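Below you'll find the structure, written out as structure tokens, and then a few comments.
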Amino acid sequence: METGSPRDTGAAGTGRPAAWGGEEPAWIALPSGLLRMRRLLLVVWLGLLTLATALVPGLLAGPGWAAFALLPLALLIWGWVMLERNWRSWRYAERADDLLISRGVLWRQETVVPYGRMQLVEVTSGPVERHFGLASVQLHTAAAATDATIPGLDPAEAERLRDRLTELGEARSAGL
């Protein structure tokens, strides 16, 4: 199994260091619509850059200089592969007392957001995200360092997650 995939169970099948103990959280991967959206944006921007890099030097300095268009084209191919690796690295899990968000290919980052520390849960969706039927959940906590985002969710899942996290946050913070 590829390291960093949403189904990756980590060391000793636990998905986290053995010292943590407790039961394994049920990790949820991001939908593939996020990957499609990011790849389309990559093709549009680097496609335009490739075209401009081929035409401008080609017309002004001669056809030999149009070979510089191979640089953004190579970047487009590399970015295509890297976007999938990054997309596969994103996942989240709801546990009894907190929400886990894991991401990163080279530098893995796992954010733990305690329900009782959540102050605001927002669902946002820009024009491109709306076109692809996606939304993001932004979590704001008492400590700014633990603010977190889960991008590229289905809007219904984003709203369900927002409602559930708000409900759990209110229940956990009642004793504070």
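Below are the figures for this structure:
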read-out: Unmet requirement for Glu129, which otherwise passes all of (1) in contact (Cβ under 8 Å) with a residue 40 or more places away in the chain; (2) closer than 17 Å to Leu165 by Cβ; value: (2)
read-out: Residue that is surrounded by the fewest Cβ atoms within 10 Å (Cβ to Cβ), among those in the stretch 82-96 that are part of a loop (DSSP other than H, G, I, E, B) and out of contact with any strand residue (DSSP E or B) (no Cβ under 6 Å at 6 or more places or on another chain); value: Ala96
read-out: Of all residues in the stretch 21-60 being assigned to a loop (DSSP other than H, G, I, E, B) and of a type in the set (D, E, K, R), the one that is least open to solvent (accessible area, probe 1.4 Å); value: Glu24
read-out: Members of the stretch 120-145 found to be assigned to a helix (DSSP H, G or I) and touching a His at 6+ places or on another chain (Cβ under 9 Å), listed by number; value: none
read-out: Hey, Leu168 closer than 30 Å to Leu46 by Cβ and either among the aromatic types (Phe, Trp, Tyr) or in contact with a helix residue (DSSP H, G or I) (Cβ under 6 Å, 6 or more places away or on another chain) (or both) or not; value: no
read-out: Any chance Asp163 is exposed (fewer than 15 other Cβ atoms within 10 Å of the Cβ) and either modelled with pLDDT of 90 or more or farther than 21 Å from Leu40 by Cα (or both); value: yes
read-out: Residue in the stretch 61-81 that is at pLDDT 90 or above, touching a strand residue (DSSP E or B) at 6+ places or on another chain (Cβ under 8 Å) and open to solvent by 30 Å² or more (accessible area, probe 1.4 Å) present; value: no
read-out: Hits in the stretch 116-134 - residues which are in contact with a Ser or Thr (Cβ under 8 Å, 6 or more places away or on another chain) and of a type outside the set (Asp, Glu); value: Gly116, Arg117, Met118, Gln119, Val121, Val123, Thr124, Ser125, Leu134
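The values are calculated or read from the model by the stated rules, or taken from the named source; none is laboratory data. Just so it is clear, the structure is predicted and the values come from calculations on it, not from any experiment. Here the Cβ is made from the backbone with ideal geometry for all residues, glycine too, and neighbour counts use every protein chain on show. Accessible surface areas use protein heavy atoms only, side chains included; no ligands, DNA or RNA. Shrake-Rupley method; radii C 1.70, N 1.55, O 1.52, S 1.80 Å.
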